[in-house]
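One structure below.
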Amino acid sequence: MDEKEKLPAGGKRVKKRGKAPLIAVLCVVGALVIGFGAACIAASRSSEILRGTSVFAMDFGGMTAAQAAQTLEQEVVRSGSGHAEFRMSDGREVSKSYAELGLDLDCEQTAQRLCAYGRDGGVLQNGWQYMLSILGGKKQVEPVWNIDKAQLRKAAREIGDTLNDAPVNFSYTADETGLRAVKPRDGQKFTADGVIKACEERICSGGELVYYLEPDVPVIAPEKGDYAAYLAELQRQTSEPCANASYDKESESILPERTHISFDLDAAVAKMDAAEGGASVLITTEVECPAVTAEVLEQVLFRDVIGTYTTKVGGAPGRHKNVQLTASRIDGYVMNSGESIKYAELTTPFTLENGYFLAPMYFQGKTVDGAGGGACQASSTLYAASLLANLEIVQRVNHGFASDYIGLGLDATVAEGGPEFEVRNNTDYPIRVQAIFETKNGKDYITVNLLGTKTDDTYVRIRTEVLSTTPYEEEIVETEELAPGVQEVEQTPYTGYLVKTYRQIYSGDGKLISETFEATSKYKARNRIIRVGKGTVPASGEQPIEQPVEQPIEQPETQEPVVEQPPVPEMPVEEMEIPGWLIN
């Protein structure tokens, strides 16, 4: 056996190691060295910006310095995209352009800085940066700015003022949806230095255009207070019943409205305790709000004529004076919402001592001269105007006999101790009575206007229905007080009537909305009494004594609407002579 074929101890053949792995490693290293060398050479020779090199989140890789400068000028300076947004974590934000911030971008210098990256080190360092850019590496380059520090501070103060988180004091709102209270909270403030720091650290670094700021100074709420005490006081103030804004008759000013709120104080405090500062907390939904606020009332107070009626005044001179006096005593009277006017309270007693004059009036079915005769003409005119204003009639009694200055069913009688005439304001707004006594063409009239606030285009018509009539009879009474052949009318006659009155509501376009029964008026009949001298009664077949004819009761036409916004009806005055024996 040859020596080459000798086996080692143990009798096994040993395989000798090859040189291939070492060669592979050397090849890889060589390739890297060659590649790195090539990168170093390329980095030193290339004039283009390395891949992944950016400013303002814009990649300028592959551009030359001139191209990068041009792009910056177009995309940042001229396009208007050169601005920054400062935001709070709660979503509030403010935007400022670079010019407003006092920042002037130097496009040429920034482009040179972009190009210089990867070339401003040694050969090996530059080559390494070049290789990283090829492999996907990224580099954010800071732009070059010319900074106007005074302008930057001014803008920083403006940003801080806009984003300042003001302290929140206790407050509340109450409307139909409920009572909400705001829990107090301290505020926070941004100083100019804090904003400038954000600009220097973020904007000037060329990063994103959105920068989140954090306040740097706490601000204590100056009126933070104890919301439990505030709620207790609010509960006290709103415990009274709800009320509209109203008119104060003494000061002639508007009184504020009143809201009624019902809530449990302990439960309300517990809700506030659990809420975060500045949060709006629903305390209760039990809120009753007024229909009319002082702000609204100030604009519409006594704005519209909601009802009007005119009657002609006749009879003795004293009667004219009494009608004028009663008109003056109801003129200017104000009814707030829900209040009423009681005519007798304002005008009685009907005595000479109270300023009234003697004039014909009823007494126990007779016509006699008495103080205050004619005083009911103003109450009747007020009644008709109130019906046309669609107000609530609380008390009303018709006269015993029909009156000829106003239509059947439209009169209202009053007397000291009763009956009373009363009207309630059933609207949401104050109403003022305007009673005008005036002379036109030698004749006297009384007009009652009700000044309030019209809220829709509806209007009222009054319909009367005569159910029956009772004719009067004639009585001839012989007397020795008159000479034979002499006669005189001792008592004028009246026909009796049974009348029903209805209130009709019409829409602005003339359509009937509703008709409701208003009142029944029963007027008595009164006989004509003629006194004749004894011995002058005609015998059978002789010519009867000529007797005066009863003056008919004429019905003034009811209001014809004027369809406008709002309709202001006019009541035509019946032109008729009033006999001297006119009564209340």
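Viscosity 1.306 mPa s, temperature 10 °C: what is the translational diffusion coefficient of the stretch 226-339 from Stokes-Einstein with a Kirkwood Rh over Cα pairs, rounded to a whole number of µm²/s?
Values: Rh = 18.6 Å.
This corresponds to a translational diffusion coefficient of 85 µm²/s.
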Would you mind getting the accessible area per residue of the stretch 283-423, heavy atoms of the protein chains only, 1.4 Å probe, in Å²? 36 Å²
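Calculated FRET efficiency, Arg78 and Gln112, Cβ-Cβ r, R0 25 Å, to nearest 0.05? If you can, show how the numbers build up before the last one.
Values: r = 20 Å, r/R0 = 0.79.
Efficiency, from the Cβ-Cβ distance: 0.80.
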Using a 1.4 angstrom probe and counting only protein chains, how large is the accessible area of Asp331 in Å², to 10? 80 Å²
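What part of the accessible area of the stretch 224-320, given as a whole %, is carbon or sulfur when the probe is 1.4 angstrom?
On the way: 2430 of 5090 Å².
Of all accessible area on the stretch 224-320, carbon and sulfur atoms account for 48 percent.
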Just want to confirm a number: the relative contact order over the stretch 246-340, from Cα pairs under 8 angstrom separated by 6+ residues, in percent. 31 percent
At a probe size of 1.4 Å, how large is the accessible area of Val466, to the nearest 10 Å²? 80 Å²
Please list the radius of gyration and Dmax for the stretch 276-359, considering alpha-carbon atoms only, with Å as the unit. 23.1, 80
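Sorted by average packing, counted as other Cβ atoms within 10 angstrom per residue and highest first, what order do 449-456, 250-257 take?
Descending mean neighbour count gives 449-456, 250-257.
How far, in nm, would the chain grow between Asp456 and Glu481 when pulled straight, counting 0.36 nm per residue and subtracting the alpha carbon separation? Don't skip to the end; give the middle numbers.
Details: separation 25, 0.36 × 25 = 9.00 nm, distance 6.50 nm.
Result for the pair: 2.5 nm of gain on full extension.
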Considering only protein heavy atoms, what is the solvent-accessible area of Met88 at a probe of 1.4 Å, reported in Å² to the nearest 10? 20 Å²
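Give the dimensionless ratio obtained when the Cα radius of gyration of the stretch 462-530 is divided by 2.2 N^0.38 Å. Display every interim value, and only then the final one.
Working: Rg = 20.8 Å, N = 69, 2.2 N^0.38 = 11.0 Å.
The stretch 462-530 yields a ratio of 1.89.
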Please report, as a whole percent, how much of the solvent-accessible surface of the stretch 487-533 comes from carbon and sulfur atoms (probe radius 1.4 Å). 48 percent
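Only sites in a loop by DSSP and with at most 15 other Cβ atoms within 10 Å count here; which GluC sites (Glu not before Pro) in the stretch 392-422 make the cut?
Values: sites: Glu392, Glu416, Glu420, Glu422; in loops: Glu416, Glu420.
Here the sparse-neighbourhood loop sites are Glu416.
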Within the set of other residues whose C-beta is less than 15 Å from the C-beta of Gly417, count the net charge using Lys and Arg as +1 and Asp and Glu as -1. -3
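When a/c reaches 1.5 or more, the comparison of a/b and b/c decides; with that in mind, is the stretch 362-443 rounded, prolate or oblate per its Cα gyration tensor?
On the way: a/c = 2.02, a/b = 1.35, b/c = 1.49.
It comes out oblate by the Cα gyration axes.
All other residues with a Cβ under 11 Å from the Cβ of Gly355 taken together, and with Lys, Arg as +1 and Asp, Glu as -1, what is their net charge? All intermediate terms of the calculation are to be shown ahead of the outcome.
On the way: positive: Lys321, Arg329; negative: Glu353.
Residues close to Gly355 contribute a combined charge of +1.
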Sorted by accessible area with a 1.4 angstrom probe, largest first, how do His320, His399 fall? His320, His399
Tell me which of Leu301, Gln324, Ala268 sits at the most positive position along the dipole axis of the stretch 239-331, charges placed on C-beta atoms (Lys, Arg +1; Asp, Glu -1). Gln324
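Tell me, in nm to one decimal, what length is gained between Glu142 and Ser280 on full extension, where the rule is 0.36 nm per residue of separation less the Cα-Cα distance?
Working: separation 138, 0.36 × 138 = 49.68 nm, distance 4.50 nm.
Gain on extension, Glu142 to Ser280, equals 45.2 nm.
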Classify the stretch 436-482: rounded, prolate or oblate, from the alpha-carbon gyration tensor (a ≥ b ≥ c, eigenvalue square roots; a/c under 1.5 rounded; otherwise prolate if a/b is larger than b/c)? oblate
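Fully extended, how many nm does the chain gain between His260 and Glu465 (0.36 nm per residue separation, minus their Cα-Cα distance)?
Values: separation 205, 0.36 × 205 = 73.80 nm, distance 4.54 nm.
Fully extending the segment from His260 to Glu465 adds 69.3 nm.
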Ala174: net charge of surrounding residues, Cβ under 10 Å, Lys/Arg +1, Asp/Glu -1, itself excluded? -2
The distance between the Cα centres of the stretch 314-356 and the stretch 417-442, in whole Å, is 10 Å
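Return the carbon/sulfur percentage of the accessible area of the stretch 373-442, one whole number, probe 1.4 Å, all protein chains in place. Spell out each step's value before the answer.
Details: 780 of 2030 Å².
After summing per-atom areas, the C and S share lands at 38 percent.
Filter the cross-link list Lys138/Lys197; Lys139/Lys189; Lys454/Lys524 down to pairs whose alpha-carbon distance in this structure exceeds 32 Å.
Lys139/Lys189; Lys454/Lys524
The values are calculated or read from the model by the stated rules, or taken from the named source; none is laboratory data. Since we're looking at a predicted model, the values are computed, not measured. Ideal geometry is used to build each Cβ from the backbone, glycine not excepted, and the neighbour counts take in all protein chains shown. All accessible areas refer to the heavy atoms of the entire protein, side chains included, with ligands and DNA or RNA removed. Shrake-Rupley method; radii C 1.70, N 1.55, O 1.52, S 1.80 Å.
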